[in-house]
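The values are calculated or read from the model by the stated rules, or taken from the named source; none is laboratory data. These figures come from a predicted structure and were not determined experimentally. Because the Cβ atoms are built from the backbone with ideal geometry, glycine has one as well, and the counts that use them run over all protein chains shown. The protein model used for the area step is the full one, side chains on, heavy atoms only, and it has no ligands, DNA or RNA in it. Shrake-Rupley method; radii C 1.70, N 1.55, O 1.52, S 1.80 Å.
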Amino acid sequence: RAVHDGAMKCALIHGFCGHPDNWDDVIAAWPLRSAPRAITLPGHGDEPVRASWDDNLDAIAEAIAGCDVVVGYSLGARVALGLVATGRAPHAILVSVNPGIADAERPARRASDAEWARVLRDDGLAAFVERWEAQPLFASQASAPPERLAARRARRMQHDPEQLAQSLEALGLAEMPDYRAAFPSDRVALIAGADDAKYVAIGKGLGAPFEAIAGAGHDPTLERPASLGLAITRMLLAMDRESAAGGRSQAT
């Protein structure tokens with residue numbers, strides 16, 4: 001089914017310890033006539049965490065039913081990739097995605113996630129958020145507007161620490177299948193912050209359309225939301241054109 005003139009229906013999926021409102025500034029820069037809708041990941045609101053990666057994908061697929069494209073950031077990007085790779089969603093735009101790790105890397109990653117879960121359960125949400133935000137991965141966020149940083153922290157502080165811990169245990173990278181060997185490069189597009197060297201290298205190496213956001217690190221939704229919104233729009237329009245061309249080809 002082809003859809004035209006920017007009418008593709010989009011779902012937006014936030015990252016770990018995030019919130020649907022994290023997309024507000026991206027949506028504000030959205031020039032297309034069909035506005036996207038941001039959903040809540042299991043463990044980040046009223047929706048409980050399921051026991052396994054696949055069980056959580058099933059629940060998220062229900063939440064995005066009817067959407068043509070899933071746009072995800074970080075954990076949300078990994079979820080979006082899983083949805084497309086398993087046929088639960090047709091297309092995705094993946095922002096700062098890790099497509100999977102080798103089995104040999106899983107024990108170390110599982111131990112790391114278990115330590116974050118321990119901090120949540122034993123030390124509390126405030127201690128966790130302080131340590132989470134201090135990771136080198138997020139160092140570039142210091143240049144973001146103070147009011148945006150404060151709003152992001154306030155949203156993080158609304159979470160239930162036990163649910164976040166369970167999210168790490170069921171949706172962490174160690175629990176996600178490795179999608180690299182069968183990466184659906186014909187059905188996804190990739191974005192990363194230009195200052196996030198690791199994820200730029202990942203994005204360039206996966207064989208799908210890729211764009212880097214200037215002046216952004218790992219989280220363009222926070223650091224350059226307007227630029228991210230325009231980049232997503234360009235990718236949606238390209239997907240729309242390809243969909244229309246495919247529809248015409250099938251009709252002839």
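Quick look at the values:
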{"read-out": "Three-way shape call for the range 104-236 based on the alpha-carbon gyration tensor, with the a/c threshold at 1.5", "value": "oblate"}
{"read-out": "Rounded if a/c under 1.5, otherwise prolate or oblate - the range 137-183, Cα gyration tensor axes", "value": "oblate"}
{"read-out": "Extension gain (nm, one decimal) between D55 and S185, 0.36 nm per residue minus Cα-Cα", "value": "44.4 nm"}
{"read-out": "222 nm mean residue ellipticity, helices alone, for the chain (DSSP H n ≥ 4; -39,500 (n - 2.57); rounded to 500)", "value": "-13000 deg cm²/dmol"}
{"read-out": "Cα centroid of the range 126-166 to Cα centroid of the range 211-247, whole Å", "value": "24 Å"}
{"read-out": "Extension reserve of the A28-E105 stretch, reckoned as 0.36 nm per residue once the Cα distance is removed", "value": "23.8 nm"}
{"read-out": "Rg/Rg_ref, the range 72-154, where Rg_ref = 2.2 N^0.38 Å and atoms are Cα", "value": "1.33"}
{"read-out": "Accessible area of the chain belonging to carbon and sulfur atoms, whole % at 1.4 Å probe", "value": "51 percent"}
{"read-out": "Nearest-20 debye value, the range 100-252 charge dipole, Cβ charges on Lys, Arg, Asp, Glu", "value": "420 debye"}
{"read-out": "Equivalent ellipsoid semi-axes, the range 157-220, via Cα gyration tensor eigenvalues times 5, rooted, Å", "value": "26, 18, 9"}
{"read-out": "Rounded to 5, the percent of DSSP beta bridges in the chain classed as antiparallel", "value": "0 percent"}
{"read-out": "R0 of 25 Å, Cβ-Cβ distance R121-T40: FRET efficiency to nearest 0.05", "value": "0.70"}
{"read-out": "Charge dipole (the range 70-151, unit charges on Cβ, about Cα centre) - positive-most of L81, W116, A151", "value": "L81"}
{"read-out": "Gaussian network model of the chain, Cα within-10 Å springs - most flexible of A80, A63, A189", "value": "A63"}
{"read-out": "Residues of the chain: accessible area per residue with a 1.4 Å probe, Å²", "value": "43 Å²"}
{"read-out": "Pairwise Cα inverse-distance average, inverted: Kirkwood Rh of the range 1-88 (Å)", "value": "13.4 Å"}
{"read-out": "Surface/4 estimate of mean projected area, convex hull on alpha-carbon atoms of the chain, nm²", "value": "12.8 nm²"}
{"read-out": "L125, L12, L137, ranked by accessible area, largest first (probe 1.4 Å)", "value": "L137, L125, L12"}
